[in-house]
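The values are calculated or read from the model by the stated rules, or taken from the named source; none is laboratory data. This is a predicted model, so every value here is computed, not measured. Cβ atoms come from the backbone with ideal geometry, glycine included; neighbour counts cover every protein chain shown. With ligands, DNA and RNA removed, areas are computed over all heavy atoms of the protein, side chains included. Shrake-Rupley method; radii C 1.70, N 1.55, O 1.52, S 1.80 Å.
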Amino acid sequence: GGTVKFPVTMRSAPSVTTYNPSVANANWRDVANSADLTVTVGNIGDDSYQVYTTTLQQNGRNYIHWSATAEL
């Protein structure tokens, strides 16, 4: 995983929603191993958040889509 920087600073810490780009769930998609990996989102701030998994596989290619909303 890693840190995702928002393109602009939000008004406050947003709600972050993740989407699997291949199937209807919220997990990472490992296209090299045809597997879904549990995603964890944390340390959400007004300019970034962290996203990670504890189940990475060797030679994996992992993809995830996300959205962040900071409506007041």
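Here's the yes/no breakdown for (1) modelled with pLDDT under 95; (2) in a strand (DSSP E or B):
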residue	(1), (2)
Val8	yes, no
Pro21	yes, no
Arg29	yes, yes
Asn33	yes, no
Ile44	no, no
Val51	yes, yes
Thr54	yes, no
Gln58	yes, no
Exercise. Please go through the stretch 61-72 and pick out each residue that is outside any strand (DSSP E or B) and open to solvent by less than 30 Å² (accessible area, probe 1.4 Å).
Key: Ala70
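Which count do you get for residues in the stretch 1-26 that are within 24 Å of Gln58 (Cβ to Cβ) and open to solvent by 40 Å² or more (accessible area, probe 1.4 Å)?
Final tally of qualifying residues: 7.
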